[in-house]
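Heads up, the thing below is written out as structure tokens.
No value in this document is a laboratory result; all are computed from the given coordinates. Since the model is a prediction, treat every value here as computed from it, not as a measurement. Heads up, the Cβs are rebuilt from the backbone with ideal geometry, glycines too, and the neighbour counts pull from every protein chain shown.
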Amino acid sequence: MRRVAVIGAGIGGLATAIGLQRHGWDVTVFERDRTASPAGAGLSLFGNAFRALDCLGLGEAVRAIAGPRQHLRAGQRRSDGRWLAVTPPGAVPDLRVVHRADLHRVLTGALEPATITYGHTVAEPPDGYDVVVAADGLRSRTRASWPGDPGLRYSGCTSWRGVTRRPVDLRGDAGESVGRGERVGLAPLPDGRVYWFGVASLPPGTRFPDEYAEVRRRFDGWHAPLAEVLAATDPAALVRTDIHDLARPLATFVRGTTVLLGDAAHAMTPDLGQGAAMALEDAATLTHLLTTLPVEQALRAYDVTRRPRTQTIARRARAMGRLLQSRSPLRDLALRLTPERVVARELRRLQDWSPNAHLQPAAAGQAG
């Protein structure tokens, strides 16, 4: 029986562990936190994320916690509520928003008991395993130990995230609202509560004596129902995060029999909502390859397959973040004048993924 060590019990690590375990691999997940306590709030899952989940046998379980698609108008608005751009109908037909804690519960519940070892920090890839999957996040210790690690760069933005304690009526609208160097996003959870985020352009490390009061100061005067959403949020549950991505693309995701996955490989800004989807695509692709090819060939195929797509999307996410955070009035003009067909095409390209179709030619030939 082949053995795999997965470093990190986040979305990508758990999904990979599930996929390989269901194919008969002996799986151990090492998680540095002492308990299963996923941080975060809401999470957007597009169609490509659900196709990856389907490949891993998890699609229906996640759809059950995501609930039915809610047909809301989405896109970008000004702070006074005037629409600048509306997402074309049908461009994101499978988009759902889930609570990160609910997703984590589904994933951990799909593993065999005692698969995860909590409170275990892995500084070096452990011995005795056929493959080591380093899914240890943005500040990956595994990646940091490799020659050529680019390190992180600050995006210029910080974020606040929260979920309301009770349902709030979004009045048929969702999406992002943009100001000058700041923005807010709203999305409904299946139970009617609202996941929201606020973003502001600030120097790195900026902190406020009362983070919740700062959010209210910035966004209470924006269009309805933002003030109601913020008022319905528990200040103690607010999550504050400076936004970073990799300073440069990695030259490889593989070193020997150790492979980087998710944020450890291609940390990106959240501006396209694709961070979790990329980790799930990684997991589905790696599972597919490791269960159809010898280890060395599988890891090589994973590397040449996943780097182009993930690094392209990381560049696009950073560019979108710069656009949406812009203080220039030309930003609003650009959003208004972008044709719907162009938006729809780009959204389709973003979600256009399946494990076999996106194997590079050499890898596809090996898999066949």
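Across the range 53-130, the volume of the C-alpha convex hull divided among the residues equals 211 Å³ per residue.
Of the residues MET278, MET268, MET1, MET320, the one with the fewest other Cβ atoms within 10 Å heads the list, and the complete ranking is MET1, MET320, MET268, MET278. Considering only ASP191, ASP263, ASP210, the Gaussian network model of the chain with Cα springs below 10 Å gives its largest mean-square fluctuation to ASP210. The length gained on full extension between MET1 and ALA123, counted as 0.36 nm times the residue separation minus their Cα-Cα distance, comes to 41.4 nm. Taking Cβ atoms as reference points and 15 Å as the exclusive limit, the residues near VAL27 contribute a net charge of -1, counting Lys and Arg as +1 and Asp and Glu as -1. Take every DSSP beta bridge whose two residues both sit in the chain, then give the antiparallel share in percent to the nearest 5. Here the share of antiparallel DSSP bridges comes out near 65 percent.
From the P(r) of the range 3-367, can you give the percent of Cα pairs sitting at distances over 25 Å? Counting every Cα pair in the range 3-367, those more than 25 Å apart make up 54 percent. Can you compute log10 of I(q)/I(0) for the range 174-228 with the Debye formula, treating each Cα as one identical point scatterer, at q = 0.15, 0.16, 0.25, 0.27 Å⁻¹? Values returned for q = 0.15, 0.16, 0.25, 0.27 Å⁻¹ are -0.47, -0.53, -1.11, -1.21.
Within the listed set HIS288, HIS223, HIS99, the residue fluctuating most in the Gaussian network model of the chain (springs between alpha-carbon atoms under 10 angstrom) is HIS223. As a proxy for reagent exposure, ranking ASP102, ASP271 by other Cβ atoms within 10 Å from fewest up yields ASP102, ASP271. Applying a DSSP loop filter and a limit of 14 other Cβ atoms within 10 Å to the trypsin sites (Lys or Arg not before Pro) in the range 227-330 leaves ARG327.
Relative to the compact globular guide of 2.2 N^0.38 Å, what is the alpha carbon radius of gyration of the range 1-116, as a ratio?
1.29
Only helices enter the 222 nm calculation for the chain: every DSSP H run of n ≥ 4 contributes -39,500 (n - 2.57), and dividing by all residues gives -11000 deg cm²/dmol, rounded to 500.
Shown in residue order for the range 201-215 are the 3J(HN,Hα) couplings computed by the Karplus curve 6.51 cos²θ - 1.76 cosθ + 1.60 at θ = phi - 60°: 7, 9, x, x, x, 5, 10, 10, x, 9, 5, 5, 4, 5, 4 Hz (x for Gly and Pro). Considering Cα pairs under 8 angstrom that are at least six residues apart, work out the relative contact order of the range 3-367 and quote it in whole percent. Contact order relative to length: 24 percent.
Computed over the chain with a Gaussian network model linking Cα atoms closer than 10 Å, the most mobile of GLY19, GLY321, GLY275 is GLY321.
Relative to the longest principal axis of the Cα atoms of the chain, the long axis of helix 275-290 lies at roughly 20 degrees.
Our note on the geometry: Cα centres of the range 40-116 and the range 152-224, 18 Å apart.
Computed from the C-alpha gyration tensor, the three semi-axes of the ellipsoid equivalent to the range 211-368 are 37, 20, 14 Å, from longest to shortest. I want the local charge near GLY12. Using Cβ-Cβ distances under 12 Å, sum +1 for each Lys or Arg and -1 for each Asp or Glu among the other residues. Result for the neighbourhood of GLY12: -3.
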